[in-house]
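First up is the structure itself, then whatever we jot down about it.
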Ligand code: SF4
């Protein structure tokens with residue numbers, strides 16, 4: 001039986017049938033899932049004149065996906081937000097991606113960790129039953145995922161056999177040690193007396209201290225202890241003044257940051273599609289605007305208000321407590337589930353994944369500044385998390401060589417620290 005590692009109680013979820021996922025995403029099918037849908041014998045009359053399936057991609061990357069209406073919504077979505085396949089053939093007949101969303105299963109050695117996609121409003125709002133109450137279906141999903149992806153089970157048959165992410169500077173750390181390191185790295189996030197920007201800045205400082213440590217000779221318990229000692233000193237040694245004294249990001253830092261922001265804002269599919277609907281010339285113009293960082297922010301996503309780049313640079317007064325909590329929960333989930341590196345983040349090594357995650361935080365805070373001018377603060381926070389989370393771990397561009405080089409440049413030149421201090425302040 002598949003083992004699900006202890007599930008966090010800070011996160012709740014239940015589907016509230018808002019239909020967002022059925023409008024926003026293309027569902028790629030395994031050959032068995034595609035055949036199962038063909039065997040259901042859907043007629044065009046039942047699906048608004050469309051076929052249930054279509055193919056996508058070139059000669060060597062052809063995939064079968066569920067067909068969509070012109071507005072981007074799934075052909076199986078009915079007028080009341082329900083799934084026609086579920087209604088006619090039952091829940092189990094649906095493809096795994098539809099059942100699994102918004103959960104993310106991460107193979108981490110002896111069991112699966114579970115992350116959450118905040119593109120689902122019920123996930124970002126933490127609406128529903130606490131995650132531990134979803135244990136039984138999650139076990140089934142893990143079994144199904146293992147078979148669907150033809151993954152090799154570990155020797156005890158409790159999880160897929162996947163190598164632990166590389167921890168740069170420390171060869172061959174196993175999953176137990178990597179889990180201890182991730183848990184320790186998240187310790188600054190638990191300090192609710194400090195604002196989230198300062199907490200994330202302390203994560204960055206803790207990461208730079210731990211990067212220098214020789215962890216290979218320590219067992220998981222000792223890594224726990226080391227993290228607790230280093231994190232314990234942070235509230236006294238790293239305060240708001242340290243963030244304020246950090247120099248502002250330089251030109252290269254800002255250009256690479258805005259380039260990352262452009263990637264994270266771009267919405268190419270579904271009802272919130274932005275400029276992508278206007279063709280390549282519009283996208284090229286938008287890319288130039290993000291390099292310049294002046295004037296109006298191109299509408300890469302429908303949720304973006306009319307705003308200028310300057311708005312993203314405005315200082316933020318104290319965040320409301322509920323906004324603090326939603327950012328805290330998001331990052332505790334990312335670190336706790338190990339979704340921030342390895343198999344669910346383009347196989348990125350551990351510290352590289354930490355750097356990208358800190359950059360993602362800076363992008364979300366920048367976006368929060370822009371959104372809150374036109375909507376309540378909590379809605380702005382949830383939308384900022386949702387827009388960016390749509391890409392985190394799912395948009396392959398974030399894992400390309402060019403982007404990884406950009407993260408390395410930002411990290412090695414101190415620009416990452418400046419960006420987190422600047423946008424987290
Ligand atoms: S986005 Fe979330 S709440 Fe909405 S239908 Fe999908 S799973 Fe349910």
- With N denoting the number of residues in region 178-320, provide Rg(C-alpha) divided by 2.2 N^0.38 Å, to two decimal places. 1.38
- Return the ratio Rg/(2.2 N^0.38 Å) for region 121-208, where Rg is computed over Cα atoms only. 1.45
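Nearest 0.05, what FRET efficiency do residue 40 and residue 174 give at R0 = 45 Å with Cβ-Cβ as r?
0.55
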- Query: Please state the relative contact order of region 255-328 as a whole percent: Cα pairs under 8 Å, 6+ residues apart?
  - Reply: 26 percent
- Listing 371, 100 by rising number of other beta-carbon atoms within 10 angstrom, fewest first, gives 100, 371
- Tensor-based shape of region 284-328 (alpha-carbon gyration tensor, a/c under 1.5 rounded, otherwise prolate or oblate): prolate
- Message: If the elastic network links every pair of Cα atoms under 10 Å, which of 237, 73, 93 fluctuates the most in the Gaussian network model of the chain?
- Response: 237
- Stretch gain in nm, segment residue 347-residue 26, where the contour uses 0.36 nm per residue and the Cα spacing is subtracted: 113.3 nm
- Task: Provide Rg and Dmax in Å for region 302-366, with only Cα atoms included in the calculation.
- Result: 14.4, 38
- Message: For the pair residue 276/residue 135, report the inter-label distance in nm, with labels modelled 7 Å from Cα in the Cβ direction.
- Response: 3.9 nm
- Based solely on C-alpha atoms, express the radius of gyration and the Dmax of region 65-151 in angstrom. 14.5, 44
- Along principal axes, Cα extents of region 361-409, largest first, whole Å: 38, 21, 12
- Item | Fully extended contour minus Cα-Cα distance, from residue 395 to residue 291, at 0.36 nm per residue | 35.4 nm
- Compute the label zone of residue 402 within region 271-288: residues whose backbone N is under 13 Å from the point 7 Å along Cα-to-Cβ. 284, 287-288
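Could you list 251, 112, 351 in order of exposure, starting from the residue whose Cβ has the fewest other Cβ atoms within 10 Å?
Going from sparsest to densest Cβ surroundings: 251, 351, 112.
Determine the shape class of the chain: with a ≥ b ≥ c the square roots of the Cα gyration tensor eigenvalues, call it rounded for a/c under 1.5, and otherwise prolate if a/b is greater than b/c, oblate otherwise.
Here the chain falls in the oblate category.
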- Computed on Cα atoms, Rg of region 175-244 relative to 2.2 N^0.38 Å comes out at 1.10
- Message: Which of 114, 178, 316 ends up with the largest GNM mean-square fluctuation for the chain, with Cα atoms connected below 10 Å?
- Response: 316
- Message: At 7 Å along Cα-to-Cβ for each site, give me the label-to-label distance between residue 269 and residue 99 in nm.
- Response: 2.1 nm
- Task: For region 279-419, calculate the relative contact order in percent as a whole number, restricting contacts to Cα pairs under 8 Å that are 6 or more residues apart.
- Result: 22 percent
- For the chain: relative contact order, % (alpha-carbon pairs under 8 angstrom, 6 or more apart): 19 percent
- Name the shape class, rounded, prolate or oblate, that the alpha-carbon gyration tensor gives for region 246-424, where a ≥ b ≥ c are the square roots of its eigenvalues, rounded holds for a/c under 1.5, and otherwise prolate holds if a/b is larger than b/c and oblate otherwise. rounded
- Item | Residues 85, 116 arranged by fewest to most Cβ contacts within 10 Å | 85, 116
- Query: Suppose R0 equals 45 Å; then what is the FRET efficiency for residue 55 and residue 412 from their Cβ-Cβ distance, rounded to the nearest 0.05?
  - Reply: 0.60
- Item | Inter-site label distance for residue 233 and residue 91 at 7 Å from Cα along Cβ, in nm | 5.1 nm
- Rg and Dmax of region 111-150 over Cα atoms: what are they, in angstrom? 11.8, 34
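Laboratory data are not the source of any read-out in this text; all were calculated from the coordinates shown. Keep in mind the model is a prediction, meaning the values are calculated, not measured. Note that we place each Cβ from the backbone using ideal geometry, even for glycine, and neighbour counts take in every protein chain shown.
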